[in-house]
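Take a look at the structure set out below.
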Amino acid sequence: MFREIQAKPSPGILMAVLLAVTVIAGGYVFANGARGDSGFDVAIGLVILLFAFLCMPGLFTVAPNEGKVLTLFGTYKGTVKTPGLWFTNPFMGKKAVSLRIRNFETNKLKVNDARSNPVEIGAIVVWKVIDTAEAIFEVNDYVQYVAVQSESAVRALASSYPYDHHGDDAIALSTHPTEISKGLLEALHERLATAGVEVIEARISHLAYAPEIAAAMLQRQQASAIVAARQTIVEGAVGMVEMALDALSSRQIVTLDDERKAAMVSNLLVVLCSDRSVHPVVNTGTLYS
């Protein structure tokens with residue numbers, strides 16, 4: 001496995017000045033030899049110029065947040081990350097690798113969740129290269145590798161959790177974004193570690209039921225919401241009925257037997273739990289007639 005090595009090239013400004021002086025000197029010797037019909041001086045001038053031009057490819061620049069991977073005849077020699085003008089062996093190969101932070105958004109993937117419901121899911125991955133040697137030599141194309149592995153991780157994540165918890169406390173894609181993002185981040189770290197890539201952030205950007213079941217799932221969510229609302233209403237109504245009976249009893253306003261209490265409870269629950277306006281019935285007879 002390749003590991004990044006910090007290369008130590010020579011300062012490029014000094015070498016650039018020396019090469020410029022060499023070119024001028026070679027040109028001067030060549031010109032004097034040509035004017036004086038001196039073949040030896042012409043040859044010396046050509047050799048000096050050829051040497052200077054052969055050394056010029058050794059000059060290279062490194063931009064901020066960039067690394068230059070150096071190879072010599074197929075052998076990795078190191079990486080230069082310090083910005084500036086540098087000089088190295090002219091026969092060195094130099095490949096630029098961006099160290100900037102990048103964004104990648106996966107396609108909207110159609111997968112089955114943990115309950116075999118088809119869902120559409122997409123994610124945003126924020127990443128950067130931290131080991132240039134691994135990024136260049138361990139994988140064929142590290143940018144494509146990040147894209148493919150990110151989609152694979154999103155598919156695996158969506159298959160491991162349900163879309164909705166449906167009343168239980170299980171982690172779900174739609175209700176636990178923090179836990180889901182953490183799980184996705186850990187999965188991407190494992191998959192991209194060999195490519196010299198660090199994942200800074202990963203989060204779900206799109207989540208929805210597949211169109212063929214979206215209507216049915218919407219009805220299910222509406223039914224669950226109605227049941228939850230009814231449960232809250234009933235619990236509140238029972239509490240209010242209990243308070244009413246306790247107040248009547250403690251204040252001795254009226255004494256009710258069990259049958260009358262049951263009738264009163266029934267009437268109060270109908271009034272409190274009904275979703276429509278209640279029409280009162282006035283009893284004009286005696287209390288127990």
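The values are calculated or read from the model by the stated rules, or taken from the named source; none is laboratory data. In this text, all values refer to a predicted model and were calculated from it rather than measured experimentally. Don't worry about glycine lacking a Cβ; one is built from the backbone with ideal geometry, like all the others, and counts go over all protein chains shown. Please note that ligands, DNA and RNA were not included when accessible areas were found on the heavy atoms of the full protein model with its side chains. Shrake-Rupley method; radii C 1.70, N 1.55, O 1.52, S 1.80 Å.
Remark: pairs (first residue in region 50-65, among the acidic types (Asp, Glu); second residue open to solvent by less than 90 Å² (accessible area, probe 1.4 Å); Cβ separation under 9 Å; 6+ apart in sequence or on different chains) are absent. Of the listed requirements (1) in a loop (DSSP other than H, G, I, E, B); (2) under 20 Å from HIS189 (Cα atoms); (3) open to solvent by less than 50 Å² (accessible area, probe 1.4 Å), PRO162 misses just one: (2). Quick check on my filter: what residues within region 1-49 are within 30 Å of LYS77 (Cβ to Cβ) and polar (S, T, N, Q)? Within region 1-49, GLN6, SER10, THR22 meet the criteria.
Does region 49-58 contain at least one residue that is over 30 Å from VAL154 (Cα atoms) and loosely packed, with under 13 Cβ neighbours inside 10 Å? First the steps, then the outcome.
Of all residues in region 49-58, those over 30 Å from VAL154 (Cα atoms) come to 49-58.
From what's left, loosely packed, with under 13 Cβ neighbours inside 10 Å: 50, 54.
Looking through region 49-58, at least one residue is over 30 Å from VAL154 (Cα atoms) and loosely packed, with under 13 Cβ neighbours inside 10 Å.
Every condition in (1) open to solvent by 90 Å² or more (accessible area, probe 1.4 Å); (2) more than 56 Å from the chain's Cα centre (by Cα); (3) not acidic (Asp, Glu) holds for ALA25 except the one numbered (1).
Does ALA20 satisfy the condition of being modelled with pLDDT of 90 or more, touching an Asp or Glu at 6+ places or on another chain (Cβ under 7 Å) and not charged (D, E, K, R)? No; evaluated as a whole, the condition is false for this residue. Restricting attention to region 77-88 and to residues that are open to solvent by 30 Å² or more (accessible area, probe 1.4 Å) and closer than 21 Å to PHE2 by Cα, the residue that is farthest from the chain's Cα centre (by Cα) turns out to be LYS77.
None of VAL148, VAL126, VAL143, VAL119 is under 29 Å from ASN65 (Cα atoms), in a strand (DSSP E or B) and either touching a Phe, Trp or Tyr at 6+ places or on another chain (Cβ under 8 Å) or modelled with pLDDT of 90 or more (or both) except VAL126.
Do you know which of the residues in region 174-199 that are more than 19 Å from VAL139 (Cβ to Cβ) and β-branched (Val, Ile, Thr) is least open to solvent (accessible area, probe 1.4 Å)?
By that ranking, first place goes to ILE180.
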